[in-house]
Amino acid sequence: MAGVEKIKERILEEARAQAEANIKRAEEEAAKINEEAQKEAAAKKAQILEKAKQEAVDVKKRLKAMAELEARKKKLQARQEVVDEAFNKTIEKLNSLPDREYEEIISQMIVNSVESGSEEIILSPKDKQRISPGFIENINKKLSQKGIDGKIKLSEETKNISGGFILKSGDIEINNSFEAIIRMKREEVEAEVIKALF
C-alpha cells in the first residue's frame, strides 16, 4: 500500500510540476503577446500621429494657398474697380464739359463718322436740350468743306445714352455714345491705364 501512495504522490507531483510549467509557459506567452500588442499599439499610435501631423501640414498648406488665392482675387477686383472708375470718370468729364466744348467734340465726332451726308443724328434728351440752334447747320457746313453732301438732320427720336450720339442711316444705327466708344477702345488702352494707375 505504501508503494501505491508513493506512486500516487509522484503522479500528483508531476501533475503539479506540469501544471506549474504550463502556467509559467502561459504567463510567458501572455506577457510576450501583451508586449507585442503594446509595441504594435505604440507603432500604430506613432503612425496615426505622423499621419495626423502630415494632414495638418497639408491642410495648413491648402488653407494658405486658398487665402493667397482669395487675396489675389480681392486685389484684382479692387484693381478692376479702380480701372472701371477711371473709365467712368472719363465719361463723366466728357458729359460735364462746358456746352460749347461739348458741342465741338460731338460735332467733330459726327463729321468723322458720317459717310453719305444724309444720316440722322439721335441724341439723348439732355443733349437735345443742350445743343445750340446752329449745331446741325455747322456740321453740314463742315461736311460740305470735306466734299460730302451736307444733309444731316437731327432726329425727333431720342436714346437713353449718357453722352455722344447714335448715327442712323435707314435701318442701320451706329452707336457713338461715349459708353460704346469707351467699351470698344477699352481693350486697346486698358493696359496703359493700369500702368498709369498702378
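Test of understanding: among Ser132, Ser155, Ser144, which residue is of a type in the set (Ser, Thr, Tyr), modelled with pLDDT of 90 or more and farther than 20 Å from Ser177 by Cα? The match here is Ser144. A single entry from Arg72, Arg25, Arg62 fulfils the requirement of being assigned to a helix (DSSP H, G or I), within 30 Å of Glu179 (Cα to Cα) and of a type outside the set (Phe, Trp, Tyr): Arg72. Pairs linking a residue in the range 88-114 that is at negative phi to a residue that is surrounded by 17 or more Cβ atoms within 10 Å (Cβ to Cβ) and among the small types (Gly, Ala, Ser), with Cβ atoms under 6 Å and 6 or more positions apart or on different chains, are Leu94/Gly163; Asn95/Gly163. Looking across Ile148, Ile174, Ile161, one residue alone is out of contact with any strand residue (DSSP E or B) (no Cβ under 6 Å at 6 or more places or on another chain), surrounded by 11 or more Cβ atoms within 10 Å (Cβ to Cβ) and in contact (Cβ under 8 Å) with a residue 12 or more places away in the chain. It is Ile148.
Whether a residue is among the polar types (S, T, N, Q), open to solvent by 100 Å² or more (accessible area, probe 1.4 Å) and assigned to a helix (DSSP H, G or I) was assessed, and Gln54 does not pass this test.
The values are calculated or read from the model by the stated rules, or taken from the named source; none is laboratory data. Quick caveat, the model's predicted, so the values are computed rather than measured. Note that each Cβ is placed from the backbone with ideal geometry, even for glycine, and that neighbours are counted across all protein chains shown. SASA here: full protein model, heavy atoms, side chains in, ligands and nucleic acids out. Shrake-Rupley method; radii C 1.70, N 1.55, O 1.52, S 1.80 Å.
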